[in-house]
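Have a look at the structure below before the remarks.
The values are calculated or read from the model by the stated rules, or taken from the named source; none is laboratory data. None of these values were measured; they are calculated from a predicted model. With ideal geometry, Cβ positions are generated from the backbone for all residues, glycine too; neighbour counts draw on all protein chains shown. Accessible surface areas use protein heavy atoms only, side chains included; no ligands, DNA or RNA. Shrake-Rupley method; radii C 1.70, N 1.55, O 1.52, S 1.80 Å.
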Amino acid sequence: MNKPVILTVDDDPEVLSAIARDLRQQYAKQFRIIRADSGQAAMDVVQQLTLRNDTVALFLVDQRMPQMMGVEFLEQATQIFPEAKRVLLTAYADTDAAIRAINVASLDYYLLKPWDPPEEKLYPVLDDLVNDWYAHFHPEFQGIRVVGDRWSADSHRIKDFLARNQIPYRWLDIEQNANAQKLLDSAKVETPCLPLVLFADGEHQSKPTNLQIAEKIGLQTQATNPFYDLIIIGGGPSGLAAAVYGASEGLRTVMIESEAPGGQAGTSSRIENYLGFPVGLSGGDLARRAVTQAKRFGVEILTPQEATSIRMENDYRIVTLREGSELTGHAVILALGVAWRRLRVPGIERFTGAGVYYGAAQTEAIACEGEEVFVVGGANSAGQAAMYFSRFASKVTMLVRGESLTKSMSQYLIDQIDETDNIEVWNHSSVIEAQGDDRLESLVIKNSKTDEAQTFPAKSLFIFIGAVPRTDWLDGLVERDEKGFILTGSEIRSKGWMLKREPHLLETNVPGIFAVGDVRHGSVKRVASGVGEGSICVQFVHRYLSNL
Ligand SMILES: Cc1cc2nc3c(=O)[nH]c(=O)nc-3n(C[C@H](O)[C@H](O)[C@H](O)COP(=O)(O)OP(=O)(O)OC[C@H]3O[C@@H](n4cnc5c(N)ncnc54)[C@H](O)[C@@H]3O)c2cc1C
């Protein structure tokens, strides 16, 4: 944490350096002593300190300064740092002004110049004030701050990106948090430029892309090697497992992830069936551990970077990223997983990010504290989300198309939902329209049994209605089934396999390109199976490489 600040202001250079010297001598260990030679210069310092998330413990300010008097400065500065102690330095002739300032600027003390010897006339007073300040001081959160409007899709994107990449941040809602407006004023940013992201070093970015944020906070976004033995595309459980096994067995390995390592599993609030974790673990924890493990073996993880094409040159497989750069390797593992299926009913598209969310339970749950939320879906992901929301929301309504949860959800989750008072399950229910102005305000829900449609007020809707592969970009190169899942192993013998040898298990129709996890045709859509496939695939990569 940065040291709290003592800011001293005086337009007389000699007095300023004398007071700064005395302050340093007594307080430099605990405080940063900053000086300014005018009220305006001091206000600039105050704005900078706000942007850096620093705290001021004490203002020690000369009263008689041209342009801005000490009291005037204190009035303005203490609106930004209301907890700071305020001391005015006055000449004898100004004592009346100082006494008036006790009320106007809530002055804590006024000191007469000169203050020699400081041991008698300065330190006892200031010691008392800073001790008092410390007693009520709650250290500010020092990391990234995001200022924005809760109902903006960009705010949601940035929060989701930071949360899923496990980067601590503080959210300041412009409508709810008084400090949010002060930060905008300090950064001289207007509301249309929101969201604003403020970094610990005082820099800020308005409406940044995820890549800009990643570069600023030091995530690796570019490859460092001209060549890799193994390029893994996708950083969910199957990609991470492949990365750990690949690098631990000596392959130069790079993994490309477009959103955040952890994939779908990373969005799960509690995975209860993964071997070795009897009380379950969150997807975030699983992802963090796997990333640490992969990095320990030397895997390069590029995030957020999206692969957009693959081409072949002899034995080389060249992967192009969305921003244009290329990575060259011998083998590629496609661990692309699946993405949420979109709900295609009127209004949903318009309010996505502004009350309508896909997955995202963990990012938005706290914002829903005390509110009612709707969850669409009847499978385990919807059940986990409902359980998670029940800790924050006043009520969770699950909208399930079928006649019950039994066909689509694990029994342990059904039992948990039954036992949770603030979750209601509405069977036979589908959303047929989302309504609102600039954010979701109500839902039209139809009961398929009665054929009746009713409108309910709604602020937040979370959709978990299955998933589809995102493999269109592999058109013309990698064989897929009619739904877009990738064919592998024996499935591709009749699909233009040209080599004499049999395709390896998990190998696609392109020699040296493999597919694992949820994106693979016929895969079991579970964390453990993805991890298993990612791990064993590396054996087949070795076999492929040994014959090059
Ligand atoms: C909310 C939820 C709860 C779940 N709970 C459980 C559970 O309790 N137990 C269980 O066993 N399973 C659970 N699952 C299922 C499990 O998470 C998945 O089976 C597993 O994550 C699949 O892993 P994967 O690596 O194959 O794919 P994914 O996890 O989908 O990861 C694929 C990754 O590839 C990235 N990607 C895609 N295309 C590109 C590209 N072109 N360039 C770069 N990166 C790309 C994506 O951003 C993503 O991060 C749950 C799923 C969800 C959504």
Notebook entry, point to check: If you check Lys3 against the conditions, is it open to solvent by 60 Å² or more (accessible area, probe 1.4 Å) and within 25 Å of Arg145 (Cα to Cα)?
Noted result: yes
Margin query: Looking at the structure I just gave you, is Gly476 free of Cβ contacts under 8 Å to residues at least 24 places away in the same chain and closer than 24 Å to Arg322 by Cβ?
Written below: yes
Check: So which residues in segment 106-139 are in contact (Cβ under 8 Å) with a residue 60 or more places away in the chain, in contact with a Ser or Thr (Cβ under 9 Å, 6 or more places away or on another chain) and either surrounded by 15 or more Cβ atoms within 10 Å (Cβ to Cβ) or hydrophobic (A, V, I, L, M, F, W, C) (or both)?
Finding: Lys113, Phe137
Check: Within segment 496-531, which residues are small (Gly, Ala, Ser), within 36 Å of the chain's Cα centre (by Cα) and more than 11 Å from the ligand (Cβ to nearest atom)?
Finding: Gly512, Gly522
Item checked: Matching residues, segment 382-409, being over 15 Å from Ser429 (Cα atoms), polar (S, T, N, Q) and open to solvent by less than 40 Å² (accessible area, probe 1.4 Å) -> Gln384, Ser390
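Yes or no, residue by residue, for (1) touching a strand residue (DSSP E or B) at 6+ places or on another chain (Cβ under 9 Å); (2) closer than 21 Å to Pro237 by Cβ; (3) among the aliphatic types (A, V, I, L, M); (4) without any contact (Cβ under 8 Å) to a residue 12 or more places away in the chain:
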position	(1), (2), (3), (4)
Ala265	yes, yes, yes, no
Phe277	yes, yes, no, yes
Leu286	yes, yes, yes, no
Thr292	no, yes, no, yes
Arg296	no, yes, no, yes
Pro304	no, yes, no, no
Ser309	yes, no, no, no
Asp315	yes, no, no, no
Arg322	yes, no, no, no
Next item on the list: Could you give me the residue pairs with C-beta distances under 9 Å whose first residue belongs to segment 47-75 and is in contact (Cβ under 8 Å) with a residue 24 or more places away in the chain, whose second residue is among the β-branched types (Val, Ile, Thr) and surrounded by fewer than 18 Cβ atoms within 10 Å (Cβ to Cβ) wherever it lies, and which are 6+ apart or on separate chains?
Entry: Asp62/Val15; Val71/Val104; Leu74/Val104; Glu75/Val104
Next item on the list: Take the residues in segment 510-519 that are in contact with a Pro (Cβ under 9 Å, 6 or more places away or on another chain) and of a type outside the set (Asp, Glu), then tell me which one is most open to solvent (accessible area, probe 1.4 Å).
Entry: Pro511
Margin query: Restricting to segment 350-366, name every residue that is of a type outside the set (Val, Ile, Thr) and either assigned to a loop (DSSP other than H, G, I, E, B) or over 10 Å from Ser460 (Cα atoms) (or both).
Written below: Arg350, Phe351, Gly353, Ala354, Gly355, Tyr358, Gly359, Ala360, Ala361, Gln362, Ala365
Notebook entry, point to check: Condition test on Tyr228, is it open to solvent by 20 Å² or more (accessible area, probe 1.4 Å) and aromatic (Phe, Trp, Tyr)?
Noted result: no
Item checked: Where Leu461 falls short, out of the listed (1) open to solvent by less than 50 Å² (accessible area, probe 1.4 Å); (2) within 16 Å of the ligand (Cβ to nearest atom); (3) in a loop (DSSP other than H, G, I, E, B) -> (3)
Item checked: Exclusive hit being among the charged types (D, E, K, R) and modelled with pLDDT under 95, set Glu257, Glu306, Glu300, Glu272 -> Glu272
Notebook entry, point to check: Do you know which of the residues in segment 467-478 that are surrounded by 15 or more Cβ atoms within 10 Å (Cβ to Cβ) and under 30 Å from Val396 (Cβ atoms) is nearest to the ligand (Cβ to nearest atom)?
Noted result: Arg470
Note to self: For segment 153-214, give me every one of the strands (runs of 3 or more DSSP E) that falls completely inside it and has 3 or more residues that are among the aliphatic types (A, V, I, L, M) and open to solvent by less than 20 Å² (accessible area, probe 1.4 Å).
What the structure shows: 196-198
